[in-house]
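Each remark here refers to the structure printed beneath this line.
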Amino acid sequence: MAPVESDPIPLERPRAERADAARNRRLLLDTARRMIAETGAGNVTMDGLAEQAGVGKGTVYRRFRTRAGIFTALLDEEERGFQQRVLSGPPPLGPGGDPVDRLIAYGQGRITFLLEHHAVARAALDRNQPVPVGGPGLTRMHIRLLLDQAGVGGDHLDALTLQLAAALEGPVLLYLATPEPEGPAADGAREHESTRVLRSLAEGWQTLVTRVCRT
């Protein structure tokens, strides 16, 4: 089946904001990024963010509601950049390539994205809320589209889509929930472990998709 030139997947758009609200949001997110770079995600608090940004605590609480909300907003901004590459970037991640190659590239790109942002992604998990399963909406929609283009799934297309989305997101969430190394050698150990996990998950995803789609 010939590949399509674009994907009919809408990129979610943020609600329009008042100018002052938009300025506060940008200030808070920029300040949060600076704090993460300087002291690590674990040291970012609602009160600390308000102090560093020079705004009232109420502004931070109204904007993000919880500490996890700060990191969710940061991850959302990065997510939009990834989505844009999927929707309009060069193949195989973007439109124009073989659907199976695109599915492999999407999974590997998604894994890479989450591991590169693992500290923020981990902090965005609200322990008071259920852990998300099956991947975000874009992941499920995109996998379904590519499976359909590849002629895979048939009557079980929706079930296969959910299973592949869960296989893609589940291992990463498990990784995000594991303790990080501490101490003087933490940075090197963390980088080594991230590289190992990334390689393993990326290769596993390629094997899974190849066996499902090209057997």
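Every listed requirement among (1) closer than 25 Å to Gln206 by Cα; (2) buried (at least 18 other Cβ atoms within 10 Å of the Cβ) is met by Ile70 save one, (1). Within the set Arg144, Arg199, Arg211, the sole residue that is crowded, with 18+ Cβ neighbours inside 10 Å and modelled with pLDDT of 85 or more turns out to be Arg144.
Among the residues of region 92-128, those identified as in a loop (DSSP other than H, G, I, E, B), surrounded by fewer than 18 Cβ atoms within 10 Å (Cβ to Cβ) and either modelled with pLDDT under 90 or not assigned by TED's automatic domain parsing to the domain that holds Ala150 (or both) are Leu125, Asp126, Arg127, Asn128.
A single entry from Arg23, Arg13, Arg34 fulfils the requirement of being assigned to a helix (DSSP H, G or I) and at pLDDT below 95: Arg23. With respect to (1) among the aliphatic types (A, V, I, L, M); (2) at pLDDT 90 or above; (3) outside the structural domain of Thr207 (by TED's automatic domain parsing); (4) surrounded by 14 or more Cβ atoms within 10 Å (Cβ to Cβ), the lone exception for Leu75 is condition (3).
Answer yes if at least one residue in region 25-41 is surrounded by fewer than 18 Cβ atoms within 10 Å (Cβ to Cβ), touching a residue at least 60 places away in the same chain (Cβ under 8 Å) and small (Gly, Ala, Ser), and no otherwise. Scanning region 25-41, I find at least one residue that is surrounded by fewer than 18 Cβ atoms within 10 Å (Cβ to Cβ), touching a residue at least 60 places away in the same chain (Cβ under 8 Å) and small (Gly, Ala, Ser), so the answer is yes.
The values are calculated or read from the model by the stated rules, or taken from the named source; none is laboratory data. Everything numeric here is computed off the predicted structure, so don't read it as measured data. Neighbour counts run over all protein chains shown; Cβ positions are idealised from the backbone, glycine included.
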